[in-house]
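Have a look at the structure below before the remarks.
What follows is calculated from the coordinates using simple rules that are stated; it is not laboratory data. Note that the structure is a prediction, hence the values are computed from the model and not measured. Here the Cβ positions follow ideal geometry from the backbone for every residue, glycine too, while neighbour counts run over all protein chains shown.
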Amino acid sequence: MNKTFITDRTSIHRLRSKTATSNEVLIITSYDYFLQKYDLALLLKNYKEITLIPPSTDDDYLLNHAVSPLLDKFEKIHLVTNPQHDSRYSVIYELVVRRNKSIRISTVYDFCETVLKKVYIPLNVSENNPNISANLNFGRRVRYPKKIIDVTISASIFMLSLPLWILSYFRIKMESPGPVFYFQERVGMDHKNFGCIKFRSMRLDAEVNGASFSKKKDSRIFSYGSFMRASRVDELPQIINIFRRDISLIGPRPERPVFTETFDETIPYYSIRHNVKPGITGYAQVMYPYGAGVNDARHKLMYDLYYIKKWSIQLELKIILLTIWVILGRKGL
């Protein structure tokens, strides 16, 4: 199964749960892209069946072949729809009521935030999400506790990891002679660029042909570099960036300018993530598997915007704990 649950947006897709105790069915009309495997596993715990209906489905087929058979089997319907370009929810509602079934209706915006814990990003640049403000950022109530968390935890990590700094220095020198540290330009808060510091994990000629996303089993990575990436040891020098106030411990992952320019043009609301400091780790990194490109950036942005909009001490600590779990499990971010 792909990271995003459905890539064919022209056919109706159905999934059935063997473990859900509820006798409720979930219908998502004008479904586009926003589910991934993690979301699907979560939903199948609560719904007996999930039906995903793409925007291209005509009304007759929608009612007679998609919705009506479900009403023969289920008493409760949860309908999720995008009201900005889908008015068919009223037709479905009338059909359900005539069949004396129970129905509740949610917008895709509210459903993503309350159930999936992420902010829905419209597929089209011209479409708006009424729940997102372009001025979304962190106020003083958030900035001060984050500073305390950044300084306290970063100083502790530095002291505890000092032996790893020394070991990494010598291993890098042995396996790939050259600079131990790698400085890469990244986009930070307010679109200001900064030099992101890492232990070098690739050969010196890794980007002789230009900037590109790294990938799993990348041939440009030397042996100890693979270990550092899997264990996140290569990220340790970014503690210096925290002390420089370039980044926070937790926040949206900073991207390179060449990629950010593309994402700003193709993904709605992408620039909002630059309203706050980026982070060494973040909500998107622990909730979404490793990926590169516009599609993955769009999915990660949904988590980044949720983090900015719904920030709390509990969410901050959850991300820290999940990051530790990811590192110990050596799972790629």
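Listed values, structure above:
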| read-out | value |
| --- | --- |
| Local electrostatic count at Asn131 - Lys and Arg +1, Asp and Glu -1, tallied over other residues with Cβ under 9 Å | -1 |
| Residue-span extension gain [Asn46 to Phe181] - 0.36 nm each, minus C-alpha spacing | 43.8 nm |
| Cα-centre dipole for the range 13-116 with unit charges at Cβ (Lys and Arg positive, Asp and Glu negative), debye to 20 | 520 |
| Label-point gap, in nm, between Tyr169 and Asp59 - each point 7 angstrom along Cα→Cβ | 7.3 |
| Förster radius 30 Å - calculated FRET efficiency between Glu127 and Val151, Cβ distance, rounded to 0.05 | 0.15 |
| Largest-first principal axis extents of the Cα set of the chain (Å) | 73, 43, 38 |
| Net dipole in debye of the chain [+1 Lys, Arg Cβ; -1 Asp, Glu Cβ; about Cα centre; nearest 20] | 1300 |
| The chain, helix-only ellipticity at 222 nm - DSSP H runs n ≥ 4, -39,500 (n - 2.57), divided by all residues, nearest 500 | -11500 deg cm²/dmol |
| Relative packing of peptides 31-42, 16-27 - highest average C-beta neighbours within 10 Å first | 31-42, 16-27 |
| Sorted by Cβ neighbour density within 10 Å, fewest at the top, the residues Leu162, Leu322 | Leu162, Leu322 |
| Per-residue ³J(HN,Hα) for the range 133-145, Karplus 6.51 cos²θ - 1.76 cosθ + 1.60, θ = phi - 60°, Hz, x for Gly and Pro | 9, 5, 9, 4, 7, 9, x, 4, 4, 9, 4, 5, x |
| Euclidean distance of C-alpha centroids, the range 31-89 and the range 264-333, integer Å | 27 |
| Per-peptide average of other Cβ atoms within 10 Å, ordering 301-307, 166-172, 220-226 highest first | 301-307, 220-226, 166-172 |
| By average C-beta atoms within 10 angstrom, highest first, the peptides 255-265, 240-250 | 240-250, 255-265 |
| Length added when fully stretched, Arg220-Tyr290, from 0.36 nm per residue minus Cα-Cα | 23.4 nm |
| Angle between the chain longest axis and helix 313-329 axis [Cα atoms, degrees, rounded to 10] | 70 |
